[in-house]
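Worksheet: one structure, shown below.
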């Protein structure tokens, strides 16, 4: 292998993955390193940025590069997000990283910042309301709850920007990631909101903003020694993993949707003229003036991992075979997938999961089938919300490790009525990062589409009546149980709950207000 290569790194919820890709987009080498999520308290979700992000990424890079450092022409980085890790002036983490919307600790800060700046003003300037997905309230939580940490904080990073900083020494954040940092970033002006930033994060110098496909620095001497890369290798700005998957999928225009089957699910429609909707996220894309509408299902592959752990580590193929045998409707079992609360369109961290209709005749396969159908119902709820906001998703490209077994995409197609072009695999975000690196050094453009093996998943019309009925019951069950879920969530926060750590096994499941 003597040709030039692009390196893509993806730091995910359940592990770090890396790929070496040639100029035609063909993957030449893959490496991975699993890690888990720590849940030290109810509603908290953390990772160790030094160990789980940097050391894991450096290990993967060393395994990929070997003696081929001179062949790597550029590096792209993507990561889970939006997340937050505070560091000192030298980039050393001061505490574990606070993860994306599954971490709901900043409830009080969300309320106070919303009152301070105004809900309508935040929505207009930031494209989304303040929720557990927003980074600004997480920053304010540090200010309020860990003042000693905040006093020592000189820089703040997400997962991808932390790796970029370790590679280059540069303090940067890409515009797409920044558009999740409400109320700090203006999605129309593509700039930090200075007065709101100072009131949210007093005294903090925010990172320089770059575009995901922009060269932002080069591999330093220290990073070269740690990774095996050649000093001076260009590094692209990178982005959040889901946005890198958009790049890998080749989505560029209105009406095109991407659904990522990961530990959680991500759904986006690119370039939509949809209005700003408080039930969804509106974020920026690859260039100034570009926007997209996005949604997220908080628990998906994590549900499969949970059931597997309860089953003593049964093989995933065995579990999916049992779920397939259970048949549509899961033997009359209906689930709510809100094990970590829910993001869009609920924005309710205190929703909780449920299994309704259980009898002694139900087995493990029925439970998994009900959970998979529940995630599909949640996707349909988000798609309907997107339509109400003015977006129009006519078809889906699907990716992520959870799409590797055809049952799950088939269920989603049956429930939503949408065909999917399934591009399964846990390395799609890493491939997207490599593509962004290629654009950064002029080896590709944003219009470049690297050929990807795919398989169709078409809805079965004969199942539509069944799933229409179950979907209506799903929506009603969520509303009826919501107040009870809130009471139980409060009890969990007060008394704690068992099972505070999600194991690295998650990496093998998926390699990777009131709603309307």
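The values are calculated or read from the model by the stated rules, or taken from the named source; none is laboratory data. The shown structure was predicted, so the numbers you read here are calculated from the model rather than taken from an experiment. Glycine gets a Cβ as well: all are built from the backbone with ideal geometry, and neighbour counts include every protein chain shown.
The table below lists the values:
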read-out: In region 426-440, residue modelled with the lowest pLDDT [restricted to those that are more than 15 Å from residue 20 (Cβ to Cβ) and either out of contact with any helix residue (DSSP H, G or I) (no Cβ under 9 Å at 6 or more places or on another chain) or not in a helix (DSSP H, G or I) (or both)]; value: 426
read-out: Residue list for region 2-54, filter: under 16 Å from the mean Cα position of the chain (by Cα) and either more than 27 Å from residue 303 (Cβ to Cβ) or part of a strand (DSSP E or B) (or both); value: 9, 10, 11, 15, 16, 17, 37, 46, 47
read-out: Verdict on residue 392 being more than 20 Å from the chain's Cα centre (by Cα), modelled with pLDDT of 95 or more and surrounded by fewer than 24 Cβ atoms within 10 Å (Cβ to Cβ); value: no
read-out: In region 397-410, residue modelled with the lowest pLDDT [restricted to those that are surrounded by fewer than 24 Cβ atoms within 10 Å (Cβ to Cβ) and more than 13 Å from residue 267 (Cβ to Cβ)]; value: 404
read-out: Test: residue in region 249-257 that is crowded, with 24+ Cβ neighbours inside 10 Å and in a strand (DSSP E or B); value: yes
read-out: Output for region 288-318, where each listed residue is at pLDDT 85 or above, part of a loop (DSSP other than H, G, I, E, B) and over 15 Å from the mean Cα position of the chain (by Cα); value: 288, 311, 312, 313, 314, 315
read-out: Residues within region 273-284 that are part of a loop (DSSP other than H, G, I, E, B) and buried (at least 24 other Cβ atoms within 10 Å of the Cβ), tallied; value: 1
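Here is a yes/no grid of residues against (1) part of a helix (DSSP H, G or I); (2) surrounded by 22 or more Cβ atoms within 10 Å (Cβ to Cβ); (3) touching a helix residue (DSSP H, G or I) at 6+ places or on another chain (Cβ under 7 Å):
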| residue | (1), (2), (3) |
| --- | --- |
| 129 | no, yes, yes |
| 133 | no, yes, no |
| 138 | yes, yes, no |
| 143 | yes, no, yes |
| 148 | yes, no, no |
| 151 | yes, no, no |
| 156 | no, yes, yes |
| 164 | yes, yes, no |
